[in-house]
Amino acid sequence: MIEAVDNHMPEIVVETSNEIGGDGDIPHPAIGGARRLQVPDPCMKHKVMIEAVDNHMPEVIIVELASC
């Protein structure tokens, strides 16, 4: 999925349950060159999304589930 989006654009994956990038410290190869931000508390996801934009300036943000 992310490989299809990858046109040398900065991408970020924001997730809480590790369904996209996997459970390990090393992200699953399926996310390609995208950076991954893991969210320890689902109710803090909005802050991690703001951090992603402020610090990484991605062209694409992939959010696992945008609810608390």
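The values are calculated or read from the model by the stated rules, or taken from the named source; none is laboratory data. Computed from a prediction, not measured in an experiment: that's the story for all the values here. Glycine gets a Cβ as well: all are built from the backbone with ideal geometry, and neighbour counts include every protein chain shown.
Listed values, structure above:
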| item | result |
| --- | --- |
| Residues satisfying the stated conditions in region 52-68, i.e. surrounded by 15 or more Cβ atoms within 10 Å (Cβ to Cβ) and either among the hydrophobic types (A, V, I, L, M, F, W, C) or modelled with pLDDT of 90 or more (or both) | A52, P58, I61, I62, V63 |
| Residues of region 17-54 that turn out to be touching a Gly at 6+ places or on another chain (Cβ under 6 Å) and not β-branched (V, I, T), as a count | 3 |
| Residue satisfying all of: in region 48-68; of a type outside the set (A, V, I, L, M, F, W, C) and part of a helix (DSSP H, G or I); nearest to E15 (Cα to Cα) among these | E51 |
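Table: residues versus (1) surrounded by fewer than 16 Cβ atoms within 10 Å (Cβ to Cβ); (2) modelled with pLDDT of 90 or more; (3) assigned to a loop (DSSP other than H, G, I, E, B).
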{"residue": "N7", "(1), (2), (3)": "yes, no, yes"}
{"residue": "D25", "(1), (2), (3)": "yes, no, yes"}
{"residue": "G33", "(1), (2), (3)": "yes, no, yes"}
{"residue": "L37", "(1), (2), (3)": "no, yes, no"}
{"residue": "C43", "(1), (2), (3)": "yes, yes, no"}
{"residue": "H46", "(1), (2), (3)": "yes, yes, no"}
